[in-house]
1. Determine one quarter of the surface area of the Cα convex hull of segment 58-165, which equals its mean projected area, and express it in nm² to one decimal.
2. Say each of VAL132 and THR188 gets a label point 7 Å from the Cα, pointing the same way as Cα to Cβ; how far apart are those two points in nm?
3. Could you order the peptides 170-177, 27-34 from most to least packed, using the average number of other C-beta atoms within 10 Å per residue?
4. Under 29 Å between alpha carbons, and skipping anything fewer than 8 positions from LYS127 in its own chain: which lysines qualify?
5. Fully extended, how many nm does the chain gain between GLU36 and LYS155 (0.36 nm per residue separation, minus their Cα-Cα distance)?
6. In the chain, with Lys and Arg counted as +1 and Asp and Glu as -1 at Cβ, which of these residues, TRP122, LEU56, VAL136, has the Cα nearest the positive end of the dipole, that is, farthest along it?
7. Using the Kirkwood formula on the Cα atoms of the chain, what hydrodynamic radius do you get, in angstrom to one decimal?
8. What helices in the chain pass both tests, a Cα length along the helix axis of 24 Å or more and a mean Kyte hydropathy of -1.0 or higher, using whole DSSP H runs?
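Please treat every number below as a calculation from the coordinates, not as lab data. Everything quoted here is computed from the prediction, not taken from an experiment. Cβ: placed from backbone, ideal geometry, glycine included. Neighbour counts: every protein chain shown.
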Amino acid sequence: MLQYLADLGHHVAGLPQLESAAGASGVFSELIESLENSEFSEWARGESLFGWPLALTIHAFGTAIVIGFVFIIGLRVLGLFRTIPLTSLRGLFPVVWIAAALQFASGFTLWMTKPSKYLSDWAFLIKFSLVVSGLVVTLFYFRMLSRESAEWQAKGAVPRRGIVMVAVTMLWWAAVLVAGRLTAYLGTLYAQ
């Protein structure tokens, strides 16, 4: 793993190579190779009619649901759709988490098609980092809404920190969406 990070840092930023722990990169390389050559990976790569298309479709719908619902909730908190009570937004949280789980499972399936390429693609690594950190931001956002939406509803106004949290969460997921699309164009995953 250390060797991979060292190679990535050297490749992307021209940083000097780091020394890897003895044997760590060999074990990691063997693990990645065994994953890449597994029956599951072969199935996902398209050696079955359904592997890649099914995983990609589920991933697209999972992304649409997570980002769409985050934006619907966010727009309501920002003042649109006033006929929807703020307290009822909590009912959408489980849908977002189920869609995120589908994203994870389908994303893992797509990753399994060529893990060594994904691990060396800087655009994918940025996108993946944004997704993981976006889930953490969303967790805090949803916790705040769960705790305080009744108070906001009663007062008829959302405090500044609530608006800031909504804005940060929406911008974060917009960045995930853009990064996900740019992965296909700026990274090396699909380079010919």
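1. The Cα convex hull of segment 58-165, projected and averaged over all directions, gives 7.2 nm².
2. 2.0
3. My ranking of the peptides, most packed first, is 170-177, 27-34.
4. Once the sequence-local lysines are set aside, what remains near LYS127 is LYS114, LYS117.
5. Using 0.36 nm per residue and subtracting the Cα-Cα distance, I get 37.3 nm.
6. Projecting each Cα onto the dipole axis, the largest value belongs to VAL136.
7. Radius from the Kirkwood sum: 18.8 Å.
8. On the way: long enough: 51-77 (39 Å, 1.74); 93-111 (26 Å, 1.44); 122-155 (46 Å, 0.71); 160-186 (38 Å, 1.29).
Answer set is 51-77, 93-111, 122-155, 160-186.
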